[in-house]
Amino acid sequence: MSDQTLEYFLSQSPTKQRDAAEIKWSHAVNSRRRLTEALAGPTHMIEADIIMRSHDPKEPIMAHPPDTDSDITLKEWLEGVKAHDKGIKLDFKSLEAVSPSVVLLEEVLADLSRPLWINADILSGPGGRARPLEPQAFLSAVRTLPTDTVLSLGWTTGWTAGADIPGYSWDMVHVMEEICKTLKNPVTFPVRAALLAQSFSQLTWLLQQSDRYTLTVWTGQNDTFIPEDLLPYKKEIDISRIYYDLPDF
């Protein structure tokens with residue numbers, strides 16, 4: 001199944017053409033205040049991080065490590081979002097949180113048609129030091145979600161100003177394609193903007209392997225990248241197949 005995100009927002013009329021660059025994002029919506037702001041704002045997709053609360057009651061909450069608690073649970077968050085037309089992107093930082101979150105998604109969002117993206121880093125990537133989630137365990141945990149759910153499957157990465165960090169290697173994209181080629185869901189690959197210049201051949205090859213695939217370009221808070229590095233991608237890749245999750249883009 002191909003990605004239906006753009007079709008959804010075209011039906012809501014905020015976008016005028018099938019251009020993924022028009023999709024706007026809210027980041028780290030991990031508190032009640034941030035959720036209220038995001039729901040009232042102009043963004044299309046609301047992104048939040050999920051971990052398991054470190055103490056009783058143990059349940060999925062909206063927080064990004066090193067935080068271990070939050071003022072809003074995933075259930076409360078979903079109840080708040082479902083009354084609006086926003087799309088959802090949930091970023092999993094631990095495998096422990098995935099299965100109970102899937103149960104809540106199926107309960108709270110049943111019969112609701114909206115973009116749902118499920119994100120996790122499942123492979124080690126350029127400069128990556130964090131431990132990725134085990135790919136097959138993650139995919140098994142989300143297998144009961146509808147097949148139109150977008151799986152956002154990425155690599156752990158790192159970036160340091162002045163350091164010579166290689167881009168996404170051929171081995172990295174080949175392993176990712178082996179994992180994704182039998183999936184039925186649409187898949188987007190989150191790729192770090194600062195690593196794009198040296199990765200063009202590899203990432204365009206990856207997109208060519210299936211019309212279910214898209215890219216989502218993102219940037220770290222302290223990253224620097226040259227906007228011109230995006231030009232080969234904008235020129236060579238269909239505008240419906242590359243999202244730009246970038247500040248002030």
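Please go through the range 96-123 and give me each residue that is of a type outside the set (D, E), more than 21 Å from P186 (Cα to Cα) and surrounded by fewer than 21 Cβ atoms within 10 Å (Cβ to Cβ), ordered by number. If the condition is that a residue be of a type outside the set (D, E), more than 21 Å from P186 (Cα to Cα) and surrounded by fewer than 21 Cβ atoms within 10 Å (Cβ to Cβ), then P100, L104, V108 are the ones that fit. Looking across the range 45-68 at every residue that is touching a Pro at 6+ places or on another chain (Cβ under 9 Å) and part of a strand (DSSP E or B), the one that is nearest to Q12 (Cα to Cα) is identified as M45. Going residue by residue through the range 216-234, is there one that turns out to be more than 22 Å from R18 (Cα to Cα), surrounded by fewer than 16 Cβ atoms within 10 Å (Cβ to Cβ) and β-branched (V, I, T)? Within the range 216-234 (the criterion being more than 22 Å from R18 (Cα to Cα), surrounded by fewer than 16 Cβ atoms within 10 Å (Cβ to Cβ) and β-branched (V, I, T)), the answer is yes, since at least one residue qualifies.
Of all residues in the range 147-171, exactly one satisfies the criterion of being in contact with a helix residue (DSSP H, G or I) (Cβ under 9 Å, 6 or more places away or on another chain), surrounded by fewer than 20 Cβ atoms within 10 Å (Cβ to Cβ) and not in a loop (DSSP other than H, G, I, E, B), namely W170.
Return the residue satisfying two criteria in turn: it lies in the range 24-39 and is of a type outside the set (D, E, K, R) and more than 22 Å from L10 (Cβ to Cβ), and of such residues it is surrounded by the fewest Cβ atoms within 10 Å (Cβ to Cβ). Here the answer is T36.
With respect to the conditions (1) touching a Leu at 6+ places or on another chain (Cβ under 9 Å); (2) modelled with pLDDT of 95 or more, R143 lacks only one, and its number is (1). Restricting attention to the range 235-245, which residues are under 22 Å from T43 (Cα atoms) and either without any contact (Cβ under 8 Å) to a residue 40 or more places away in the chain or of a type outside the set (K, R) (or both)? I239, S240, I242, Y243, Y244, D245, listed by residue number. In the range 69-100, what residues are touching a Ser or Thr at 6+ places or on another chain (Cβ under 8 Å), in a loop (DSSP other than H, G, I, E, B) and of a type outside the set (D, E, K, R)? Hits for the range 69-100 are S70, I72. Taking every residue in the range 73-85 that is modelled with pLDDT of 95 or more and among the hydroxyl-bearing types (S, T, Y) and pairing it with any residue that is part of a loop (DSSP other than H, G, I, E, B) and surrounded by fewer than 16 Cβ atoms within 10 Å (Cβ to Cβ), at least 6 positions away or on another chain, the pairs with Cβ-Cβ distances below 8 Å are T73/E59. In the range 45-64, how many residues are more than 17 Å from the chain's Cα centre (by Cα) and either on the phi > 0 side of the Ramachandran plot or without any contact (Cβ under 8 Å) to a residue 40 or more places away in the chain (or both)? Counting residues in the range 45-64 that are more than 17 Å from the chain's Cα centre (by Cα) and either on the phi > 0 side of the Ramachandran plot or without any contact (Cβ under 8 Å) to a residue 40 or more places away in the chain (or both) gives 7. Among the residues making up the range 178-235, those that are part of a loop (DSSP other than H, G, I, E, B), more than 17 Å from the chain's Cα centre (by Cα), polar (S, T, N, Q) and under 24 Å from S2 (Cβ atoms) are T182, S199, Q209, S210.
Of all residue pairs spaced 6 or more apart or on separate chains, those with beta-carbon atoms under 8 Å, a first member in the range 103-129 that is part of a helix (DSSP H, G or I) and a second member that is buried (at least 19 other Cβ atoms within 10 Å of the Cβ) and not hydrophobic (A, V, I, L, M, F, W, C) are L104/P60.
Against the test of being under 16 Å from A20 (Cβ atoms) and out of contact with any Gly (no Cβ under 9 Å at 6 or more places or on another chain), the options D211, D171 yield a single qualifying residue, D211.
The values are calculated or read from the model by the stated rules, or taken from the named source; none is laboratory data. Small disclaimer: the values here were computed from a predicted structure and weren't measured. Positions of Cβ are backbone-derived with ideal geometry, glycine not excepted, and every protein chain shown enters the neighbour counts.
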